[in-house]
Amino acid sequence: MGVKPISPHHPHYQHQHNHHRHHHQPLKYCDVINNIANGSGPEMWPEKYPIASQGKRQSPIDIRTGDCERCSPQHFPARRALEMEYPSHMDNLTLVNGGHGWRVDVPPEIAQKTLLTGGPLEGTYRLAQFHCHWGKNSSCGSEHTVDGKSYAAELHFVHWNTDKFSCFNDAAAADGGLAVLGVFLRSSPEANNELSKITSMLCEVAFKDQRVPLRHRIDIRKLMPDNKVYWTYPGSLTTPPLYESVTWIVFREPINCSEEQLQCMRTMRCHEKLNEILDDGTQNPDESLVLENFRPPQPLYDRIVRYVA
Ligand SMILES: [Zn+2]
């Protein structure tokens, strides 16, 4: 299949919109991905990406706990528990504003030291990047929901199958190519210290395509819950091109983050840095903030969600 050079959070069609920066109207988040108000959010994706409405394994989903099939790791072909390995301190990470939120890119030499295997996965997967989805307030923001309940945000750790594929983009477009770990963030009085290493630097990547080396080394195990009970199901990327290539592994237990940390995320911009004053003399309006960037739950169809405990 004709694989375009994309990454799950760099939909190629964004670039078609770059010329908008020279127009009087600044590029808004809604032009790119997700704002329902102006009619170009997820409900408009099917126009360019028919799979958005025609696909039978789209993500995210509402996880109905009563309908899940409880199983042990023995159920899966690998017949062993999910296994995760991450260096205790990852350095040389890059924080990026991808146009609809922040992303942390993992360089190949660090990715080589990561491992995700076992459980529902066949073969070896390695971490390429992680990013976050959030809402304009803490009553929504996660992409997956549990019995209809949203969390304030959701972290996605994107891994690709390095046994079967030679590069991330090939894996992203192929069944079995990606495995994404989902971690719910719950708004709480206590901040997550590891997440602060990222949120404290978001002001340095306020604008689309800005990137900066993370100043602190990150222990991403601290961005995951202690209890690794999870749900798993076959799904898709949650942003265009929405490839149905993802084995989802969503941890049941959320981790805590503070309102202040969430507020830092909501100050990000979805457009490139513009001159303060536009051609027509107006200021860049606030609608260009990435106030929310989650896709709502999609139909489950005949898929089975497995609860692995
Ligand atoms: Zn995501």
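The values are calculated or read from the model by the stated rules, or taken from the named source; none is laboratory data. Just so we're clear, the structure is a prediction, and the values are computed from it rather than from any experiment. Every residue, glycine among them, receives a Cβ derived from its backbone with ideal geometry; neighbour counts consider all protein chains shown.
Does S166 qualify as being of a type outside the set (A, V, I, L, M), away from the ligand (no atom under 16 Å from the Cβ) and surrounded by fewer than 24 Cβ atoms within 10 Å (Cβ to Cβ)? Yes; evaluated as a whole, the condition is true for this residue.
Conditions (1) exposed (fewer than 15 other Cβ atoms within 10 Å of the Cβ); (2) within 24 Å of S88 (Cβ to Cβ), marked per residue:
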residue	(1), (2)
E190	yes, yes
N193	yes, yes
D226	yes, yes
G235	no, no
W248	no, no
P254	no, yes
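Taken over the stretch 136-146, the criterion of being surrounded by 21 or more Cβ atoms within 10 Å (Cβ to Cβ) and more than 16 Å from the ligand (Cβ to nearest atom) is satisfied by no residue.
Condition check for V104 on (1) in a strand (DSSP E or B); (2) farther than 30 Å from A309 by Cβ: one failure, at (2).
Of everything listed in (1) free of Cβ contacts under 8 Å to residues at least 60 places away in the same chain; (2) part of a helix (DSSP H, G or I), the single unmet condition for A52 is (1).
Tally time: how many residues in the stretch 147-158 are within 14 Å of the ligand (Cβ to nearest atom), of a type outside the set (F, W, Y) and out of contact with any helix residue (DSSP H, G or I) (no Cβ under 9 Å at 6 or more places or on another chain)?
Of all residues in the stretch 147-158, those within 14 Å of the ligand (Cβ to nearest atom) come to 151, 153-158.
Applying the additional criterion that residues be of a type outside the set (F, W, Y) yields 153-156, 158.
Those left that are additionally out of contact with any helix residue (DSSP H, G or I) (no Cβ under 9 Å at 6 or more places or on another chain): 154, 156.
Here the count works out to 2.
Residues are listed down the side, and each one gets a yes or a no for (1) buried (at least 17 other Cβ atoms within 10 Å of the Cβ); (2) on the phi > 0 side of the Ramachandran plot:
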site: L93; (1), (2): yes, no
site: G101; (1), (2): yes, yes
site: K113; (1), (2): no, no
site: S150; (1), (2): yes, no
site: D170; (1), (2): no, no
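Does the stretch 264-274 contain at least one residue that is in a loop (DSSP other than H, G, I, E, B), modelled with pLDDT of 95 or more, charged (D, E, K, R) and surrounded by 14 or more Cβ atoms within 10 Å (Cβ to Cβ)? Taking every residue of the stretch 264-274 in turn, none turns out to be in a loop (DSSP other than H, G, I, E, B), modelled with pLDDT of 95 or more, charged (D, E, K, R) and surrounded by 14 or more Cβ atoms within 10 Å (Cβ to Cβ).
Residues in the stretch 203-219 that are surrounded by 15 or more Cβ atoms within 10 Å (Cβ to Cβ) and basic (K, R): K208 only.
Of all residues in the stretch 40-54, those being within 19 Å of the chain's Cα centre (by Cα) and of a type outside the set (A, V, I, L, M) number 5. Take the conditions assigned to a loop (DSSP other than H, G, I, E, B), within 14 Å of the ligand (Cβ to nearest atom) and at pLDDT below 95 and apply them to T239. Does it pass? So T239 passes the test. Cβ-Cβ contacts under 7 Å between residues 6 or more apart (or on different chains), taken from a first residue in the stretch 125-153 that is farther than 16 Å from I255 by Cβ to a second residue that is among the basic types (K, R) and surrounded by fewer than 21 Cβ atoms within 10 Å (Cβ to Cβ), are listed as K136/R266; D147/R64.
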